[in-house]
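Below you'll find the structure, written out as structure tokens, and then a few comments.
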Amino acid sequence: MTDSVWLQDLTWEEIKDQIEAGGRTILLPFGSTEQHGPHLPVGTDTMVAMTLAEDAAASAGILTAPPLWFGWSPHHMVLPGTITIRPELLAEIAFDMVSSLHHHGFENFVFINGHRIVNITWMQIAGEKAKRELGVKLVIFDPAYMSKTITNKMGWGSVGHAEEIEGSHMMYRYPDRVKMDRAVDNPHSQNSLYSVDPSFAGDTLCYVPSSPAEMRQLTEKSGGTTGEPSKATAEGGKVYHDHLVSRLVEVIRMLQAAG
């Protein structure tokens, strides 16, 4: 049997053997294809989900499904390379993925969200439907929510877009894809009662994607970046990555222990 954790690398017989041996937990990485400033690739969000899935699956001895490279990205359509999918279609695709895998014996599912808070709404809809109609166990793992205990210690600002958090992770895991010499800082402005960062301590409104007009202002200022990518380091990316992988393995063990 191949030592790959990726479903697409295995034969159906190898997958059947894994399921029959008790491997009924599987990861489903979701990302996006959208602009990430002048210094990060448009596949950043999917790459983030993939690297977390790969390392956690290897550590836990389970499989991961192929990634979904598309997300809900209407606010990034102002720059080329972005592909946006309607959220209702994404929810149906995610449900069908779970339904297909459940049909062959998988029972525990972890949605890994590389597209930050923007994917969460449709992932919740798909997850609730899967739990209700299929009787599976399912959780959503989101790096922005699952790193609240360490981001302040890293000297980074709040969650933005293509900032020091994503930049550091990409520098550690995909250094050949990063062009830091082209990065443009765009520090967060202080907006009363509003923050997209899940770790924000103050009262805040819920996130609504920016309008095309709002995004054009951003792209004119920084090429699509919100935050300070100049603070990114590969060393910080390693700390961030290792923290997330360890948490993801904990989540996997939690699901497996639940039966």
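Some observations on this one:
- The listed peptides 27-38, 60-71, ordered by packing as a protection proxy, come out as 27-38, 60-71 (highest mean of other Cβ atoms within 10 Å first).
- In order along segment 217-225, phi translates into HN-Hα couplings of 4, 5, 5, 5, 7, 9, x, x, 9 Hz, rounded to whole numbers, per the Karplus curve 6.51 cos²θ - 1.76 cosθ + 1.60 with θ = phi - 60° and x for Gly and Pro.
- Distance histogram in 5 Å bins (all Cα pairs of segment 117-243, percent per bin): 2, 10, 16, 19, 19, 16, 10, 5, 3, 1
- Among beta bridges identified by DSSP and lying wholly in segment 1-135, the antiparallel ones come to about 15 percent.
- Largest first and in whole Å, the equivalent-ellipsoid semi-axes of the chain read 31, 19, 17, each the square root of five times a Cα gyration tensor eigenvalue.
- Cβ-based charge dipole, segment 133-259, positive-most Cα from 183, 227, 248: 248
- Shape category assigned to segment 180-259 from the gyration tensor of Cα positions, a/c cut at 1.5: oblate
- Helix 44-60 axis, angle to the chain major axis (alpha carbon atoms, nearest 10°): 40 degrees
- For the chain, the longest principal axis of the alpha carbon atoms and the long axis of helix 164-173 meet at an angle near 50°.
- Segment 104-259 - share of DSSP beta bridges that are antiparallel (%, nearest 5): 25 percent
- For the chain, the 222 nm mean residue ellipticity estimated from helices alone, with every DSSP H stretch of n ≥ 4 adding -39500 (n - 2.57) and the total spread over all residues, rounds to -13000 deg cm²/dmol.
- Only lysines eight or more places from residue 221 in sequence, or on another chain, were considered; those with a Cα closer than 27 Å are 179, 231.
Where a number appears in this text, it was derived from the coordinates with a stated rule and is not lab data. Here the structure is a predicted model, which means the values were calculated and not measured. Note that we place each Cβ from the backbone using ideal geometry, even for glycine, and neighbour counts take in every protein chain shown.
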